[in-house]
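Before any comments, here is the structure.
The values are calculated or read from the model by the stated rules, or taken from the named source; none is laboratory data. Because the structure is predicted, anything quoted here is derived from the model rather than measured. As a convention, Cβ positions derive from the backbone with ideal geometry for all residues, glycine included, and neighbour counts pool all protein chains shown. Areas reflect the complete protein model, heavy atoms only, side chains present, ligands, DNA and RNA absent. Shrake-Rupley method; radii C 1.70, N 1.55, O 1.52, S 1.80 Å.
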Amino acid sequence: MATAEKKRPWISSGAGRRPSRKEVLERKKAIGELIRKAISVKDHLVQFPAFHKFQRNGNYIVLFGTVEVPMSRYDLVHLSVSGLSVCLESGCGDKLTLPMRKYIQNLLKVNMEEPYGPEWPSEEKIKRQEMVAPEARYIFIKQYSNGFTTECSMNQGAGVEHNHTSCNEGRLVGFVHYRFVLEEDLPVVYVYELQMEPSAQGKGLGKFMMQLIEQIACKNQMGAVMLTVQKANTQAMAFYTKLRYVISSTSPSRVDPQIGIEKSYGILCKTFDSQTKSKLEDGDEEL
């Protein structure tokens, strides 16, 4: 996986001296511009090459592609995992349809009411507000029962020839809600939600979606992917640990162990460059 190490703007102030005010302001301006640029992208699936096909571990094949339809553009990723065929669509919080909002609310309740316990009623209200924020970005996962909805053939001259059908007929089985934000003055992708229906869990989709989010982060020169996990959700904690996410220095348990005991959540991260690792993993105050 490509990293953001050589791409993300960094002001080097020289070993052994503090950066000047001008250098700090220039760096903040550059990082702010990265965030604004990433947020301005309507659909982050478009950032990938027009069409790719690859096989991993002999279990599934992934196809990236785009399809043009009248009055709209659907940017799709087609994935077959253990006999489960799906396609992915991008979305934005302030453009969600009423059925889509209800789907998100219902799936959140199914998956998260138990881990949150008595905190759920208040958390549910917060999540409903977060859901429709203009800066919220989504990738929706739709399942198909009859294999791929795309046919493709390799062409030596043109690369790939492909014919698509719309993703509209698929059944929703999950979604990712993510945002481009500043964390400790560093540009990161923050995963607000990764939710799969029970029928779609345990099939490799969650891992694939997190790998896709990491690619989006690196493509947009973000220094890390971060997320919050309820301590009671031990299955989720084990899942992210297996993907090499670690407890961030911003997590309550790292900031103050006593406070960490009282809090019901932890903050995890995976960093892509040494400066971000130094601050978000190691907890160094100065970079």
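Quick notes on this one:
- Picking from residues in the range 131-158 that are at pLDDT 95 or above and surrounded by fewer than 16 Cβ atoms within 10 Å (Cβ to Cβ), the one that is farthest from residue 36 (Cα to Cα) is 132.
- Residue tally, condition in a loop (DSSP other than H, G, I, E, B), modelled with pLDDT of 50 or more and exposed (fewer than 14 other Cβ atoms within 10 Å of the Cβ), over the range 15-68: 6
- One residue stands out among those in the range 108-126 that are charged (D, E, K, R) and touching a helix residue (DSSP H, G or I) at 6+ places or on another chain (Cβ under 6 Å): the one that is farthest from residue 231 (Cα to Cα), which is 123.
- Among residues of the range 221-274, those that are open to solvent by less than 70 Å² (accessible area, probe 1.4 Å), under 17 Å from the mean Cα position of the chain (by Cα) and among the charged types (D, E, K, R), counted: 1
- Condition check for residue 173: in a strand (DSSP E or B) and in contact with a helix residue (DSSP H, G or I) (Cβ under 6 Å, 6 or more places away or on another chain): yes
Yes or no, residue by residue, for (1) more than 23 Å from residue 93 (Cβ to Cβ); (2) in contact with a Cys (Cβ under 7 Å, 6 or more places away or on another chain); (3) modelled with pLDDT of 95 or more:
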| residue | (1), (2), (3) |
| --- | --- |
| 177 | no, no, yes |
| 187 | no, no, yes |
| 199 | yes, no, no |
| 202 | yes, no, no |
| 217 | no, no, yes |
| 221 | no, no, yes |
| 224 | no, yes, yes |
| 236 | no, no, yes |
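- Taken together, 72, 90 contain a single residue that is at pLDDT below 95 and closer than 18 Å to residue 193 by Cβ, which is 90.
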